[in-house]
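In what follows, a structure is listed as structure tokens, so that the remarks can point back to it.
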Amino acid sequence: MFGTFNAELEKLRQWLLEVACTHVITESTGSYWKPVYAAPEGSGVQIVLANGKDVKARRGHKTDWNDCQFLAKLVLHGMIRANFIPRQAICDLRGLTRRAVN
């Protein structure tokens, strides 16, 4: 439905506000979650980055559609433990120190 370029992520943010979305949940899979997590930041929408191991350990989801409905129910009932996300300065430092130097 939405792409990953900045303009598309801004459309995602606007759409979340238009439909009065109160919560957004995404799994922490690699680095794919980062732009989706950043899109609604500052809009008043509660963003939860779910620990993938926590979510996969629960029963009841086999397809992407079932998985998203399942995650929505879990987050609304407070059953998802959010991952810790350090402040931007720490994230930048981590990225800098993990880059390969030739």
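The values are calculated or read from the model by the stated rules, or taken from the named source; none is laboratory data. Treat the numbers as computed from the prediction; the structure is a model and nothing was measured. Glycine gets a Cβ as well: all are built from the backbone with ideal geometry, and neighbour counts include every protein chain shown.
Select from the stretch 12-40 the residues that are of a type in the set (S, T, N, Q) and within 15 Å of Asp67 (Cβ to Cβ) and list them in ascending order.
Thr26, Ser28, Thr29
Output yes when any residue across the stretch 91-102 is surrounded by 14 or more Cβ atoms within 10 Å (Cβ to Cβ) and modelled with pLDDT under 75, and no when none is. No: zero hits.
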